[in-house]
Amino acid sequence: MTSSDDLPYAHGGPPLTGVIRTDAEDFFVDEELGFAPDGGGEHAFVRVEKRNANTEWVARELARFAGVAVHAVGYAGMKDRRALTRQTFSVHLPGRPDPDWPALQNAEFRVLEATRNSRKLKIGALRGNAFRIVVRDVTGDRAAFEQRIAAIALAGVPNYFGQQRFGRGGGNVERARAMFAGSRVQRHERSLLLSAVRAFLFNEVLAERVRRGDWNAALDGDVWMLAGSQSIFGPEPMSQDLGDRLASGDIAPTGPMAGEGVLRTQAEAAAIETTILERHADLLRGLSVNGLRQERRAMVLRPAGLRAAWPDVDVLDLQFSLRKGAYATVIIREMLSATLPEEQPE
């Protein structure tokens, strides 16, 4: 399933409808690195606020302004283009002073601050992201929404990969099939397509667990992820301790990030995964041929600090934080059916 519309809901259909991203400021993302730059070294850590701008484009503009190659610029993750976002970039400046960063201001982004660090910022080197999302023209059952947000705060939502991973129209998986069959793609596209395939297969397994009603419960043979360190353990026999930790959100069952190797799950959990994955044997072969190995991803996503406010009768203000690799859209979809301004009838 490459469309989020096809994925089953965990808590029932969304009780509200509304419009998101009316303005860039209505979708605010604040990157949380989880560490502070050390204050010295060859890399300038540049904190940027961008508005309706692509992360890669900002990286190129920073490289141009600093007079360095694009590969000298690093960042921890891609951020939404159609949004107001804050994130950090690193710029390698060996033996060179910082340029006048405050002078680099335009309509698309501005530099907030800059300091030094001894290492380049690499993909994945972040703790997570904080979100503030304003939904306009909201209609629906407010009482049901209050129950829904309480259920999500308690139990979380299925940790699906969002639509962004699959490209416009969900075409990245089919492009990957063509690549596996021999079609040539550019080098930088290969990793994008491989990631889309793994996301698709993970979503397929998770969707089956949601239909069964055990996506956030323990099955015989499950493999677990610790919420804090995201380390993996198990399978191991179910115990009172495991049950308590699952209920508290300290651990979560995991699904497969498919690749070469044997599934780590056993018994009933392995049977479900094997049945789903064998339906897509061509994709599994493609991942193995390209050297990807089995990994795991939590099936449960619990937002931190989930809050909702109503600044106006038809305006909803949502705030929450997510760990890295998680998608705000999968939180929103369990609460409301969201459309973009251009999708509204005139």
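Model label sites at Ile123 and Arg60, defined 7 Å from Cα along the beta-carbon direction, differ in position by 1.8 nm. The magnitude of the dipole of the range 35-117, with charges of +1 and -1 set on the Cβ of Lys/Arg and Asp/Glu and taken from the Cα centre, is near 280 debye.
Please work out which option in [x] 158; [y] 147; [z] 182 gives volume of the Cα convex hull per residue in Å³ calculated from these coordinates, and answer with its label. The value matching this structure is [x]. When only the Cβ of Lys, Arg, Asp and Glu is charged (+1, +1, -1, -1), the dipole of the chain relative to its Cα centre reaches about 1220 debye.
Residues Val205, Val19, ranked from the fewest to the most other C-beta atoms within 10 Å, line up as Val19, Val205. Each stretch of four or more DSSP H residues adds -39500 (n - 2.57); spread over every residue of the chain, this sum gives -8500 deg cm²/dmol at 222 nm.
If you plug the beta carbon distance of Val70 and Ala144 into 1/(1 + (r/R0)^6) with R0 = 45 Å, you get a FRET efficiency near 0.40.
For the chain, hydrophobic long helices are taken as DSSP H runs at least 27 Å long by C-alpha position along their axis with mean Kyte-Doolittle hydropathy of 0.5 or more; none is present.
Annotation note: chymotrypsin sites (Phe, Trp or Tyr not before Pro) in the range 1-63 located in DSSP loop regions with a Cβ neighbour count of at most 14 within 10 Å are Tyr9, Phe35. The order of the peptides 156-166, 124-134, 94-104 by mean Cβ neighbours within 10 Å, most packed first, is 156-166, 124-134, 94-104. Multiplying each eigenvalue of the alpha-carbon gyration tensor of the range 145-257 by 5 and taking the square root yields semi-axes of 32, 17, 12 Å, largest first, rounded to whole angstroms. Tell me, how many Å apart are the Cα centres for the range 181-255 and for the range 304-343? A separation of 23 Å, based on Cα centres. For Asp6 and Leu340, a Förster radius of 22 Å and the Cβ-Cβ distance give a FRET efficiency of 0.70, rounded to the nearest 0.05.
Read-outs throughout are calculated quantities, based only on the coordinates presented, and are distinct from any laboratory measurement. Values in this document were obtained by computation on a predicted structure and should not be read as measured data. All Cβ positions, glycine included, derive from the backbone under ideal geometry; neighbour counts span all protein chains shown.
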